[in-house]
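As structure tokens, the structure follows; a few thoughts come after it.
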């Protein structure tokens with residue numbers, strides 16, 4: 001498989017509305033698969049929204065896979081897709097909470113996860129910082145996973161490159177504005193020589209407005225594509241594995 005269709009689920013989760021957010025994610029996964037996507041990316045904290053602790057606390061966060069995560073594994077297997085699914089995680093031994101992304105294969109197996117390292121003080125006080133990032137073998141490539149502000153420090157992406165990563169994938173909830181992204185994604189690809197796929201979110205949270213936020217494709221210090229939508233949408237690109245580049249500058253959009 002030299003050409004792969006990749007779906008960015010550019011979603012607008014509602015703070016604390018776990019049931020409806022999960023329904024939105026599942027519906028988007030189905031639509032992405034129907035459109036031919038083999039890889040599906042989700043934004044940071046798409047299950048609960050960014051400022052969820054004030055609304056619903058953290059007791060609902062379970063060790064993974066919990067029953068819903070298992071259903072998503074089963075869904076990935078039934079659709080034969082690779083899924084990068086953002087979901088908070090509770091360590092079974094320590095009880096510590098993490099902001100995580102899980103890599104799920106077309107067989108329905110969780111083959112790896114990344115726990116966010118650059119945790120934002122105060123707003124993400126619920127989350128423990130993860131340890132050093134490690135590439136995940138997601139055939140046909142080794143993928144380095146980042147979560148939002150992990151791209152702010154080049155040491156994580158550089159470490160992933162040194163460990164053999166061939167592609168970087170980032171789940172993000174990074175709003176535009178004073179503290180919005182300002183060249184970090186471009187620099188990440190310039191410093192490592194690796195392409196970066198960023199799946200950001202949209203909509204409004206309790207304190208942040210993501211409606212102008214972008215998801216995108218970055219390579220060689222440049223932004224190759226940028227996607228925006230005020231409402232939940234799916235963006236689809238075709239990716240050339242051999243050249244680790246866009247197979248076409250065109251992309252498709254599905255509104256949700």
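The values are calculated or read from the model by the stated rules, or taken from the named source; none is laboratory data. Being a predicted model, the structure only gives us computed values, none of them experimental. Neighbour counts are summed over all protein chains in view; Cβ atoms, including those assigned to glycine, are modelled from backbone coordinates with ideal geometry.
Table: residues versus (1) within 22 Å of residue 141 (Cα to Cα); (2) free of Cβ contacts under 8 Å to residues at least 60 places away in the same chain; (3) surrounded by fewer than 24 Cβ atoms within 10 Å (Cβ to Cβ).
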| residue | (1), (2), (3) |
| --- | --- |
| 159 | yes, yes, yes |
| 168 | yes, yes, no |
| 178 | no, yes, yes |
| 183 | no, yes, yes |
| 189 | yes, yes, yes |
| 192 | yes, yes, yes |
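The residues in segment 30-48 that are within 19 Å of residue 116 (Cα to Cα) and out of contact with any helix residue (DSSP H, G or I) (no Cβ under 7 Å at 6 or more places or on another chain) can be counted, and the count is 3. In the condition set (1) more than 20 Å from residue 215 (Cα to Cα); (2) at pLDDT below 95, residue 154 is compliant with all but (1). Can you confirm whether residue 149 is in a loop (DSSP other than H, G, I, E, B) and more than 18 Å from residue 66 (Cα to Cα)? In short, no. Checked against the criterion of being out of contact with any strand residue (DSSP E or B) (no Cβ under 6 Å at 6 or more places or on another chain) and touching a residue at least 40 places away in the same chain (Cβ under 8 Å), the candidates 43, 67, 53 yield just one match: 53.
Note on segment 131-146: residues that are buried (at least 22 other Cβ atoms within 10 Å of the Cβ) and part of a loop (DSSP other than H, G, I, E, B) amount to 2. Take the conditions farther than 22 Å from residue 203 by Cβ and either assigned to a loop (DSSP other than H, G, I, E, B) or at pLDDT 95 or above (or both) and apply them to residue 48. Does it pass? It is false that residue 48 is farther than 22 Å from residue 203 by Cβ and either assigned to a loop (DSSP other than H, G, I, E, B) or at pLDDT 95 or above (or both). Which is over 27 Å from residue 33 (Cβ atoms) and in contact (Cβ under 8 Å) with a residue 24 or more places away in the chain, of 82, 134, 94, 105? None of the other options fit; the residue is 134.
Say whether the condition of being farther than 23 Å from residue 144 by Cβ, in a strand (DSSP E or B) and within 19 Å of the chain's Cα centre (by Cα) is met by at least one residue in segment 75-90. Yes - at least one qualifying residue is present in segment 75-90. Of all residues in segment 125-148, those being closer than 21 Å to residue 181 by Cβ and either more than 18 Å from the chain's Cα centre (by Cα) or at pLDDT 95 or above (or both) number 9. Taking segment 1-39 as the range and being in contact with a strand residue (DSSP E or B) (Cβ under 6 Å, 6 or more places away or on another chain) and over 17 Å from residue 79 (Cα atoms) as the test, the residues that pass are 3, 10.
Of all residues assigned to segment 160-171, none qualifies as being closer than 23 Å to residue 206 by Cβ and part of a loop (DSSP other than H, G, I, E, B). Within segment 110-130, the residues that satisfy the criterion of being out of contact with any helix residue (DSSP H, G or I) (no Cβ under 7 Å at 6 or more places or on another chain) and over 21 Å from residue 196 (Cβ atoms) are 121, 122, 123, 124, 125, 127, 128, 129.
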